[in-house]
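Below: the structure, in structure tokens.
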Amino acid sequence: MNGNVVHIVAPGETLWHISKVYGVSMQSIMQANDLRETALRKGQKLIISVTPLRAAVPLFPSRKWQYIIVHHSATDAGDASYLNILHKRRGWNEIGYDFVIDNGTKGKADGAIEVSPRWINQEDGAHCRAADMNYKGIGICLVGNFSQERVSEKEMNALVYLTNLLRKYYGIPLNRVLGHGQVPGARTECPGKLFPWTEFRKRLENCS
């Protein structure tokens, strides 16, 4: 069922990427928002007249990525732009994760996948110092606090899709898909004590 979604432009997002996320043409987005050029600014609001689809996830040939590390934002609301602000306040140059999966707040669709500038530029992460995961682990953050609430079905669907896409491309085995708190040396319960690990691993196996 189609409808209008308000999309807030995240750091590094392009009109091309947004068109792929929602499965619509760049021209239709430009017409709906009276845009005369393709350049976008961070925080800009766009009206998208379609139900969100899976994101276009860019994949880059590399032997660097050996793990996938799952996080939660530990916030009720958020998106890549919001997390970018929080991380800059901590002294980082930009958001520390490679991908953010939204929970339907901040104008983003529940289950929408945002690709961060770190991933686009294939930079080291800033999401897990333990076991040097910033240098070899792909950081995926789900918006939400899963020590207090459960992951939405749309977020879980997006996580399974994204994780298996990355696993297959980079040859990452299931036993190297870890939560932040499962990394040796990490002292955190991230991605939360209510995160459904049994269900998540079973769905990864079934979709392999």
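Odds and ends about this structure:
- Selection count, the stretch 110-123, where residues are in a helix (DSSP H, G or I) and crowded, with 17+ Cβ neighbours inside 10 Å: 3
Here's the yes/no breakdown for (1) assigned to a helix (DSSP H, G or I); (2) assigned by TED's automatic domain parsing to the domain that holds GLU94; (3) buried (at least 21 other Cβ atoms within 10 Å of the Cβ):
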site: LYS108; (1), (2), (3): no, yes, yes
site: GLY125; (1), (2), (3): no, yes, yes
site: ILE138; (1), (2), (3): no, yes, yes
site: PRO184; (1), (2), (3): no, yes, no
site: THR198; (1), (2), (3): yes, yes, no
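- Every residue from the stretch 167-183 that is closer than 11 Å to GLY139 by Cα and of a type in the set (A, V, I, L, M): VAL177, LEU178
- Boolean, ILE95 is of a type outside the set (Phe, Trp, Tyr), assigned to a strand (DSSP E or B) and in contact with a Leu (Cβ under 8 Å, 6 or more places away or on another chain): no
- Here the condition is being surrounded by 15 or more Cβ atoms within 10 Å (Cβ to Cβ) and without any contact (Cβ under 8 Å) to a residue 40 or more places away in the chain; of ILE29, ILE68, ILE101, ILE48, it holds for ILE29 alone.
- Subset tally (residues that are surrounded by fewer than 18 Cβ atoms within 10 Å (Cβ to Cβ), touching a residue at least 60 places away in the same chain (Cβ under 8 Å) and in a helix (DSSP H, G or I)) for the stretch 140-168: 1
The values are calculated or read from the model by the stated rules, or taken from the named source; none is laboratory data. All values derive from a computational prediction rather than experimental measurement. Note: ideal-geometry Cβ built from the backbone for every residue, glycine included; neighbour counts use all protein chains shown.
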